[in-house]
Structure formats: C-alpha cells, structure tokens
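Presented below is the structure to which this report refers.
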Amino acid sequence: MQSLADIVKPEIDRVEDVAIREALLQSYEKSAPTLKSIQESLREILETVWPEDSLCLFFKNWRNPAVGAGSFCALTCRLLEAALGERLPSRQQQLFMSAARLAEVSYEDMGLMGKNHGELYEEMATNFCGHDNWRLDRYRLEEATQYLTACREYRERGGDLVEALMISLAEELYNHGEFTFVAPLFKKFHDASHAAGSGSRQENMRFVLEHIGGTESGHFSYMVEGLELYCEASGQPVDATRLARRNCEFLQGMDSMFRHLLEEMRGSAQAGKDVSRLQSDTPVSAL
Ligand SMILES: [Fe+2]
Ligand SMILES: [Fe+2]
C-alpha cells in the first residue's frame, strides 16, 4: 500500500517552480514521523469494526465539505476584491487570474460537475452509520477540529492573503494524499460495516471515490498557480521557506486531529460495545 508521501510525490514533481517544488518535497520528508502517525490513525479507524457512537463521532468530525468549500469561495471573493481595487492593468489581470484559479478548486465541491460534495458526504455518512444520528451536536469534537477550523477562518478573514493561499495549498496537496490513501481502506471498511446501506459499495462510498484520480491533485495545481499569480501581482517572490513551514504545520494539525478523534472513538467504544479489528488476511488492494 502506498504511503501518503509516495502518493503526493508525483504531484509535487509536476510543480515547475524549483523553489516551491523543493520546499514541498522537503517538508514531506521532514514530516515523515507525522505522516506515519496519520497513517497509523487512519488505518486503525478504518480497520476496526466500531459501535454506532464511535462511527457517529468519526463522520461528524472527519470532514465538512460544505463549510470547507464556503471558505475557499470566500478566499476567491477576497482575491476578486483585491483585483477590483488594483489600478495597474497587468497586476489587476494577475489578481483576476489568481481568483479564477481559486474558484476552480471549488467546482466539484459546489456541485458544478455533479452532486455537490456536502450532499455526497451526508449520504455516505448516513449510509455507513445506517441513520443520520451522526449529525447530532453531541458528536462534535471542537478540540479535534480546532486546527482545520482555524485554517477555514483564516481563509475567510485572515489578514494576509499569502498566508491564506499557503494554508490552502497545503490542504489540497494533503487531501490528494489522504483520499488516495483511504480509498482502499474504505472498501474493506464498507464491506465489514454492519450498517452500510443497501446500495452498492460504489454508491455508498461515492464521496471518497469522487476525490481520487485527478480531483484533489488538480486542486493542488490550481492552488500553486493561484499563489504564484497573487505573489507576482503583489510584487513579492513566493517565500518557499514559509510555504514549507505552513505545509509541516498543516500535517501536524491533521495528525493531532486524527489522534484526538481516534482516542474519542476508542473511549466511546470501550464505554459501550467491544470493538474488533478487521481481519488483515485480505489485502486491501485486492478489494
Ligand atoms: Fe470535495
Ligand atoms: Fe480539493
């Protein structure tokens, strides 16, 4: 099974700007222990048969596509605002193009290419849980999602647009890695799930399947372009060291989220039913 670092490397290799490419490669290399920890958490989450409450905790906190996409659209609006306020035509053009690239990151999420991802996530969570109790506020773990909430808020209102773009670039690159990593695990998780809906595996986990292939990797390349255009327009080179730092921080934020989430899922399971790990004799790649 490919590691997160193996999955993102070809996408990073496609980045033309040497400084950006090296910064991203090095930050993934430097984050090896963090990535290992994320992978271990994801494997335990998706290789365990969880009782209902733990599953609800997972789906309430793992992702929130509608809210996430809204913050990307907010950043697009902020770039458009910057473009409208720019007097120099060449710079204005670059700012408009930067906003256009940002908008492309949200096409699938907002439903321009099919069902929007908020709906797909809700369907998937309900299919896996067997009901929609996962939506209840009592499953919300504010502390686990603190870092992602801060990223989203920064995209919407943070003072420095370069910072907002760098955080978002790190997120899109990571997303490509995570969705590709979890897709085979989810297939096994689905087949072992007691409650998975009556539809086919393909239908039940459509949210995950829609994010693999070129979807998130495409978003990552739009983010690189969006950042480069904004920096050019504002007369500053892309600070590769800063980008590498933001990337490492993002991975740490995700690691902290999954460790926290897993701990709560375990705690909830221990308070209720026993849990069992899925048989590891079936290679996930064969599913
Ligand atoms: Fe999405
Ligand atoms: Fe994305």
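What follows draws every value from the coordinates through simple rules; no lab data is involved. In this text, all values refer to a predicted model and were calculated from it rather than measured experimentally. Using ideal geometry, Cβ is built from the backbone for each residue, glycine included, and neighbour counts are taken over all protein chains shown.
Here are the numbers for the structure shown:
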{"quantity": "Calculated Rg and Dmax of the chain using C-alpha coordinates, Å", "calculated": "19.3, 65"}
{"quantity": "Where labels lie 7 Å past Cα in the beta-carbon direction, separation of Asp13 and Glu203 in nm", "calculated": "3.9 nm"}
{"quantity": "Label zone at Tyr107 (point 7 Å along Cα-to-Cβ), backbone N below 13 Å, the range 216-257", "calculated": "216-223"}
{"quantity": "Theoretical gain in end-to-end length, Glu29 to Arg259 [0.36 nm per residue, Cα-Cα removed]", "calculated": "80.7 nm"}
{"quantity": "Estimated dipole of the range 1-94 in Debye, rounded to 20 [Cβ of Lys and Arg +1, of Asp and Glu -1, Cα centre]", "calculated": "360 debye"}
{"quantity": "Cα-based helix-to-principal-axis angle, 161-192 vs the chain, degrees rounded to 10", "calculated": "20 degrees"}
{"quantity": "The range 49-157 - Debye-derived log10 I(q)/I(0), Cα point model, q = 0.13, 0.14, 0.19, 0.23 Å⁻¹", "calculated": "-0.60, -0.67, -0.98, -1.18"}
{"quantity": "Sites Glu40 and Glu163, calculated FRET efficiency, Cβ-Cβ separation with R0 45 Å, nearest 0.05", "calculated": "0.90"}
{"quantity": "Cβ charges +1 (Lys, Arg) and -1 (Asp, Glu), total dipole of the chain, debye", "calculated": "180 debye"}
{"quantity": "With Cα atoms, 0 to 90° folded angle of helix 4-13 axis to the chain main axis", "calculated": "20 degrees"}
{"quantity": "R0 of 22 Å, Cβ-Cβ distance Glu22-Gln236: FRET efficiency to nearest 0.05", "calculated": "0.75"}
{"quantity": "The range 1-80 shape via C-alpha gyration tensor axes, a/c threshold 1.5", "calculated": "oblate"}
